[in-house]
1. Taking Cα centroids, how far is segment 81-150 from segment 295-368 in Å?
2. Per residue, how large is the accessible surface of the chain? Use a 1.4 angstrom probe and give square angstrom.
3. What number, rounded to the nearest 500 deg cm²/dmol, is the helix-based mean residue ellipticity at 222 nm of the chain, given -39500 (n - 2.57) per DSSP H run of at least four residues and division by all its residues?
4. Summarise the accessible area of segment 432-504 (1.4 Å probe, protein heavy atoms) by the percent that is carbon and sulfur.
5. Computed from the coordinates I sent, Rg/Rh (Cα atoms, Kirkwood Rh) equals one of (i) 1.09; (ii) 0.97; (iii) 1.00. Tell me the label.
6. On the protein heavy atoms, probe 1.4 angstrom, tell me the percent of accessible surface of segment 118-158 carried by carbon and sulfur.
7. Using 0.36 nm times the number of residues separating R6 and N566, minus their current alpha carbon distance, what extension gain do you get?
8. Residue by residue, what Karplus-based ³J(HN,Hα) values in Hz, rounded to whole numbers, does segment 148-157 have, using 6.51, -1.76 and 1.60 with θ = phi - 60° and x for Gly and Pro?
Amino acid sequence: MNINLRPHQEYVLNKINKELDKHKCFFINMSTGGGKTLTSLLALRLVKERMFTKCLIATRTKNEFTPYFRDNKKFNLQLKCSGLVGKEDACSEDIIREILKTIEGQNPCRSCPMISKQLDDETIFTTIYENESLMPILQRKDICPYYSLRKTFISSDCFCVTYPYIFTPRKYILLKQLRPYIESGVDVKTLLIIDEAHNIDNITELYERRLNVKSVEIVYNMALRNEIVVNECELLTLKRFLEQVKNPEMKLIKKEEVPRVTISGLYEWLEVPRSLEELQREKNKLRAVSQIVKFYEFLNYPDFEVFTYEHGLLLKLIVPTRLITESLSEFNICILMSGTLPPEDYIERIWGLNGLYVDVTKEFKLYREQKEAYIISNVTTRYKDRDRNYPKYAEIIKNFCKRSNEVKLIVYPSYEVMKRILGMLDTESLEKSIVEDVYTKIEVVKQDVEKGKVNIHCVAGGKLTEGIELIDNDGKSMIKHVVLVGVPYPDVNDYMMVKSKRIGQLLGNEQDVFRYCYHIPAVLLSKQAIGRAIRSEQDKCKVFLLDWRFRYMVDELDVTVKSTVNIKLSR
């Protein structure tokens with residue numbers, strides 16, 4: 001098949017080809033609907049042709065592998081594609097899967113007879129090509145899907161992984177397969193393409209560590225029964241401290257206030273070899289001991305701070321700068337692609353990366369005219385004004401729900417704001433509505449829309465503004481309106497105060513902190529929501545910006561503002 005590339009796609013590929021010897025990192029900002037997946041695959045093929053390269057594509061979720069498999073087949077690129085998910089998602093053995101999901105640091109696979117039953121690489125490549133998915137392999141009961149897929153890294157042209165395989169020690173599971181080539185003198189290069197790279201800011205969540213009262217109680221009782229070697233007084237002091245400080249609100253705790261626990265004995269207990277039966281029998285103990293060990297492993301790292309949560313303490317990585325730079329240093333060439341990439345100075349100063357920034361959206365004004373925006377300037381979700389604005393928002397949302405039968409994505413800055421406004425709507429307004437919660441599944445949303453539910457209430461940064469793609473049989477977006485109910489600034493809490501301070505230290509300029517910590521993240525969340533309505537060149541949508549503060553960011557939202565109005569509201 002001859003591929004008729006659009007001008008902006010050719011522009012990107014020419015830039016990479018010309019500058020490949022000068023830069024390690026390429027940052028490609030290309031609007032949703034611009035063909036990023038195909039461009040990524042062609043960039044991969046281009047780099048691979050110029051050097052002996054192992055190529056990885058990192059996505060936020062395993063569901064996002066599918067577009068790469070699909071475009072490889074659609075455009076006859078003839079790439080051998082494969083990928084890898086976590087062991088817990090690949091295992092069909094109930095006991096092993098449960099252990100993998102609940103106990104960090106254990107490897108029950110060593111006791112599983114299926115580990116040696118693996119498919120050959122060519123069968124895997126053919127299966128993925130024909131089905132455009134890993135699912136037929138993951139669903140097989142007669143083999144080990146995880147180890148079958150893992151070994152295809154060496155023979156594949158394009159290997160898809162999720163973020164943990166790049167930003168945690170999991171990356172060495174794959175990279176160590178290259179050692180025999182390197183030791184034999186082969187100049188192996190590694191290419192990494194990061195899909196939807198704006199999500200890199202969220203990799204700090206991979207390193208969250210929780211310590212709760214229940215886990216400490218379990219280990220304390222183990223110590224009383226002489227099942228484990230640990231200082232009982234230290235555990236008792238820790239238990240009482242957790243009971244005292246636990247709080248539903250996220251409050252900063254000074255590290256020096258956290259009681260110390262000697263964990264050497266806990267390490268030794270975790271390292272004892274166990275059968276599957278023992279792992280199953282002791283899973284609660286293993287989980288509790290592991291939680292304490294993981295918490296104290298990271299407690300003294302300078303990039304981490306401790307906060308309260310409803311069951312105890314929460315250890316959070318504040319800024320991802322060091323993690324990003326150290327993780328990406330393992331790869332020779334990195335291409336970061338997104339429809340909502342942060343500006344170049346943010347990438348340089350917050351992510352710690354330098355390279356060639358290619359702003360395709362700005363250079364070609366991609367789809368700007370297809371997104372008509374209307375600013376409603378007599379409402380706001382500014383914290384101090386929220387209570388008196390909730391009834392106004394409820395009246396506006398009620399009118400949207402009742403008057404238009406086209407699919408609308410109604411986006412709130414938080415679950416709390418959404419809950420308050422929806423609580424003011426009548427039953428008729430919510431009749432054709434879908435409301436996002438922790439259990440919402442994208443597949444079910446698609447089915448509900450096809451059945452006539454046209455009002456999708458969701459939260460900025462949630463699963464329905466990041467991963468949803470509602471398209472008809474012609475590939476056009478079914479979403480015709482995007483309603484942003486207030487600017488999605490992060491809530492001001494202890495965590496954000498600490499993060500602002502840390503970013504201020506990075507920048508050395510306090511005046512820039514608001515832009516880097518609040519403004520840019522809010523712009524990116526807004527653009528992601530708007531991008532759900534533009535999935536092809538033919539799509540058009542209307543964007544309603546319900547907050548006067550949007551006036552200060554419309555140029556960055558890549559929309560065409562038609563008017564700024566005050567809506568008349570009943571009193």
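The values are calculated or read from the model by the stated rules, or taken from the named source; none is laboratory data. All values reported here derive from a predicted model rather than from experimental measurement. Virtual Cβ from ideal backbone geometry, glycine too; neighbours counted across all protein chains shown. Side chains are part of the model used for accessible areas, which takes the heavy atoms of the whole protein and leaves out ligands, DNA and RNA. Shrake-Rupley method; radii C 1.70, N 1.55, O 1.52, S 1.80 Å.
1. 30 Å
2. 46 Å²
3. -11500 deg cm²/dmol
4. Using a 1.4 Å probe with all protein chains present, segment 432-504 comes out at 50 percent carbon and sulfur.
5. (ii)
6. Looking at segment 118-158 in its full context, I get 49 percent from C and S.
7. Computed gain between R6 and N566 is 197.6 nm.
8. Couplings: 5, 6, 4, 6, 6, 3, 5, 8, 7, 8 Hz.
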